[in-house]
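Below is one structure; the comments refer to it alone.
The values are calculated or read from the model by the stated rules, or taken from the named source; none is laboratory data. The structure displayed is predicted, hence computed values, not measured ones. Glycine also receives a Cβ, built like all others from the backbone with ideal geometry; neighbour counts cover every protein chain displayed. For accessibility, only protein heavy atoms count, side chains too; no ligands or nucleic acids. Shrake-Rupley method; radii C 1.70, N 1.55, O 1.52, S 1.80 Å.
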Amino acid sequence: MLRYLLKRIVMLFPLFIGITLITFVVIHLAPGEPVEMQTALNPKASQKSRERMREFYGLDKPLHIQYVKWLGRLVKLDFGRSFAPDGRPVIKKVAERIPVTLSINLIALILEFGLAIPIGILAATHRNSLLDKGITFFVFLGFAVPTFWLSLLMMYVFGVKLGWLPISGLHSLGAAGMSSFAWLADTAKHLILPLGVATFGSLAGLSRYTRSTMLEVISQDYITTARAKGLSERVVIFRHALRNALLPIITILGFSLPGLIGGSVIFETIFAIPGMGQLFYMGVMSRDYPLVMGILVIGAFLTLIGNLLADLAYAVADPRIRHGRT
């Protein structure tokens with residue numbers, strides 16, 4: 001098990017370098033530069049002033065030199081300074097926003113898996129029934145509806161038309177003067193729409209995936225043998241079938257970890273939530289290279305950690321993996 005773990009950890013380093021290199025090149029190849037974005041509406045900005053700004057930001061250097069310098073700062077956990085007018089360190093801007101995004105997406109992740117796995121099991125154990133067909137309709141509806149359209153629809157219906165829920169931000173005006181209970185209730189009310197949007201699409205796909213893996217497992221011979229021994233259906237499904245059906249779902253859980261940050265761009269922007277997703281969108285639109293790279297590096301790190309945790313979970317669930325027999 002230790003050898004298996006060390007092997008996976010060693011593989012993380014070249015993967016991380018490769019991800020950052022490709023990301024750095026792709027960002028810089030995108031149309032538009034920070035200098036152009038900042039001076040486009042300023043008729044007094046001369047070519048000489050633009051060149052001075054490019055030199056100040058280090059954009060006059062060849063791309064490979066820029067990457068080496070950026071990587072050297074990253075080793076020291078220095079993400080650089082934002083190209084925005086405030087010029088603040090990227091790490092401080094990220095630190096201000098990341099608790100909001102992590103909190104919202106962690107709650108959404110718990111809701112997704114907590115609802116999708118039972119729904120998938122229910123559909124698999126009632127295959128081709130009216131219940132299964134109803135769940136299938138719900139799943140295809142979740143696949144078909146775009147996130148941004150669903151967000152706007154929920155804002156219009158529940159926020160504008162009915163007036164039941166707030167449609168933007170995390171707190172109401174004057175929330176600072178509320179009691180602790182009232183403040184939490186106000187925050188929860190603001191989060192209903194974003195959490196509903198964040199959960200719905202993933203819930204549909206994950207429940208369908210759970211159904212398919214459960215159907216594959218319960219058709220195996222050992223499940224038939226367990227039933228022939230007289231075991232109750234509950235024991236067969238939850239003790240024998242579910243453990244093996246969860247192996248592919250573990251992989252999805254590992255890949256869901258980077259989604260705690262990257263998956264919030266759309267709904268944070270639409271609902272005006274001051275989180276990492278909104279910050280990333282603003283950074284991309286202004287070509288704020290240090291800020292975009294800082295957020296993407298965090299996402300890449302979480303992706304690799306998620307893969308590592310998924311590998312370890314596989315090894316725990318399946319002894320053949322940790323003993324090197326597969």
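Worth pointing out:
- Of all residues in region 138-150, those that are touching a residue at least 40 places away in the same chain (Cβ under 8 Å) and open to solvent by less than 60 Å² (accessible area, probe 1.4 Å) have Cβ atoms under 7 Å from Cβ atoms of residues that are part of a helix (DSSP H, G or I) and of a type in the set (Ser, Thr, Tyr), 6 or more apart or on another chain, in VAL139/SER207.
- Verdict on TRP164 being free of Cβ contacts under 8 Å to residues at least 60 places away in the same chain, surrounded by 12 or more Cβ atoms within 10 Å (Cβ to Cβ) and aromatic (Phe, Trp, Tyr): no
- Selection from region 224-239 of residues that are within 23 Å of ILE135 (Cβ to Cβ), surrounded by 14 or more Cβ atoms within 10 Å (Cβ to Cβ) and either at pLDDT below 75 or over 31 Å from the mean Cα position of the chain (by Cα) (or both): VAL236
- Applying the criterion of being under 22 Å from GLU268 (Cβ atoms) and either of a type in the set (Asp, Glu) or in contact with a Phe, Trp or Tyr (Cβ under 8 Å, 6 or more places away or on another chain) (or both) to the residues of region 120-148, the residue that is modelled with the highest pLDDT is VAL145.
- Verdict on VAL284 being open to solvent by 40 Å² or more (accessible area, probe 1.4 Å), within 25 Å of PHE16 (Cβ to Cβ) and modelled with pLDDT of 80 or more: yes
- Selection within region 168-223 - within 27 Å of the chain's Cα centre (by Cα), aliphatic (A, V, I, L, M) and open to solvent by 30 Å² or more (accessible area, probe 1.4 Å): LEU184, ALA185, ALA188, ILE192
- When every residue of region 298-305 is checked against the conditions, at least one turns out to be open to solvent by 30 Å² or more (accessible area, probe 1.4 Å) and at pLDDT 80 or above.
- Selection of first residues in region 169-194 that are β-branched (Val, Ile, Thr) and of second residues that are at pLDDT 80 or above, restricted to Cβ pairs under 6 Å at least 6 apart or on distinct chains, gives the following pairs, ordered by first then second residue: ILE192/LEU165.
- Number of the condition not met by GLY114 [criteria: (1) part of a helix (DSSP H, G or I); (2) over 29 Å from VAL235 (Cα atoms)]: (2)
- Residue check, ILE117 on the phi < 0 side of the Ramachandran plot, open to solvent by 30 Å² or more (accessible area, probe 1.4 Å), at pLDDT 85 or above and in contact with a helix residue (DSSP H, G or I) (Cβ under 9 Å, 6 or more places away or on another chain): no
- Selection status of ARG88, touching a Ser or Thr at 6+ places or on another chain (Cβ under 7 Å) and either surrounded by 19 or more Cβ atoms within 10 Å (Cβ to Cβ) or free of Cβ contacts under 8 Å to residues at least 40 places away in the same chain (or both): yes
- Yes/no for ASP318 being at pLDDT below 70, acidic (Asp, Glu) and either open to solvent by 40 Å² or more (accessible area, probe 1.4 Å) or over 13 Å from the mean Cα position of the chain (by Cα) (or both): yes
- Qualifying residue in region 98-107 (condition: polar (S, T, N, Q), without any contact (Cβ under 8 Å) to a residue 12 or more places away in the chain and surrounded by 11 or more Cβ atoms within 10 Å (Cβ to Cβ)): yes
- Filtered by the rule that a residue be out of contact with any Leu (no Cβ under 7 Å at 6 or more places or on another chain), at pLDDT 80 or above and assigned to a helix (DSSP H, G or I), region 149-181 gives TRP149, LEU150, SER151, LEU152, LEU153, TYR156, VAL157, VAL160, LYS161, PHE181.
- Unmet criterion (only one of (1) modelled with pLDDT of 75 or more; (2) in a loop (DSSP other than H, G, I, E, B)) for LYS44: (1)
- Enumeration of residues in region 48-85 that are surrounded by 13 or more Cβ atoms within 10 Å (Cβ to Cβ), in contact (Cβ under 8 Å) with a residue 24 or more places away in the chain and on the phi < 0 side of the Ramachandran plot: TYR57, LEU59, GLN66, TYR67, TRP70, LEU71, LEU74, PHE79, ARG81, SER82, PHE83, ALA84
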